[in-house]
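Peer 1: Below is a structure I'd like to ask you about.
Each reported figure results from applying straightforward, stated rules to the coordinates on display, with no laboratory input. Only a predicted model underlies this, so the values are computations on that prediction, with no experimental measurement involved. Here the Cβ is made from the backbone with ideal geometry for all residues, glycine too, and neighbour counts use every protein chain on show.
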Amino acid sequence: MSIGPVEYVVIKFPGSHFTGEIAPEVVRLVEAGTVRILDFVFITRDENGETTWIELDALDGELTAGFLDEAAVLQGLLNEDDIALIATELDFNSSAALIVWENTWATSFADAVRRADGAIVAHDRIPRDAVLAAVAAAALEA
């Protein structure tokens with residue numbers, strides 16, 4: 001089976017404040033073939049600390065239109081322990097989206113690495129603030 005790198009992201013929403021800007025961007029990434037949503041859970045923690053969660057396929061279709069290709073989604077990658085761990089880290093009266101996606105843009109590269117018997121030995125994200133600081137420092141030196 002050909003599959004690109006798979007990552008997860010947790011997006012926290014203090015006060016459960018939503019602007020509606022994220023969903024269209026996720027749809028754009030899916031439609032462009034950049035990512036494929038493999039699992040998605042929306043978690044809320046109320047003012048009393050009680051948590052609830054719902055998977056993407058159970059949300060209102062209008063909210064999730066375009067997020068996933070039903071044939072492609074691998075619901076169930078996240079288990080209750082994963083969800084509970086994130087839920088306990090949420091502040092009261094807040095929410096989080098827990099998304100697992102395949103970086104489909106990198107699938108052919110990942111396949112080439114495997115065919116060459118290569119192995120990725122390190123991979124990490126460089127924090128945005130670190131990149132901005134490095135760019136600013138380089139601009140001062142130029």
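Peer 1: Given a 10 angstrom Cα cut-off, can you work out which residue in ILE22, ILE54, ILE86 is the most mobile in a GNM of the chain?
Peer 2: ILE22
Peer 1: Hey, another quick one. What FRET efficiency comes out for LEU85 versus ALA122 if R0 is 25 angstrom and r is the Cβ-Cβ distance? Round to the nearest 0.05.
Peer 2: On the way: r = 25 Å, r/R0 = 0.98.
That pair, LEU85 with ALA122, gives E of 0.50.
Peer 1: Nothing charged except the Cβ atoms of Lys and Arg (+1) and of Asp and Glu (-1): what's the magnitude of the dipole of the chain about its Cα centre? Round to the nearest 20 debye.
Peer 2: Magnitude of the dipole: close to 600 debye.
Peer 1: 222 nm [θ] for the chain, helices only, -39500 (n - 2.57) per DSSP H run of 4+, per residue, to 500? Working shown, then result.
Peer 2: On the way: 5 runs with 47 residues, N = 142.
Here the helix-only value at 222 nm equals -9500 deg cm²/dmol.
Peer 1: Oh, and also: Once phi is turned into θ = phi - 60°, what whole-Hz ³J(HN,Hα) does the Karplus curve with 6.51, -1.76 and 1.60 give for every residue of segment 133-142, x standing for Gly and Pro?
Peer 2: Coupling constants for segment 133-142: 5, 5, 5, 5, 5, 5, 5, 5, 6, 6 Hz.
Peer 1: In addition: Using a cut-off of 14 Å between beta-carbons, work out the net charge of the residues near ASP91 (Lys and Arg +1, Asp and Glu -1, ASP91 not included).
Peer 2: Values: positive: LYS12, ARG45; negative: ASP46, GLU47, GLU50, GLU89.
So the surrounding residues net to -2.
Peer 1: Report the far tail of the P(r) of the chain, meaning the percent of Cα-Cα pairs longer than 24 Å.
Peer 2: Numbers: 4510 of 10011 pairs.
That tail contains 45 percent of the Cα-Cα pairs.
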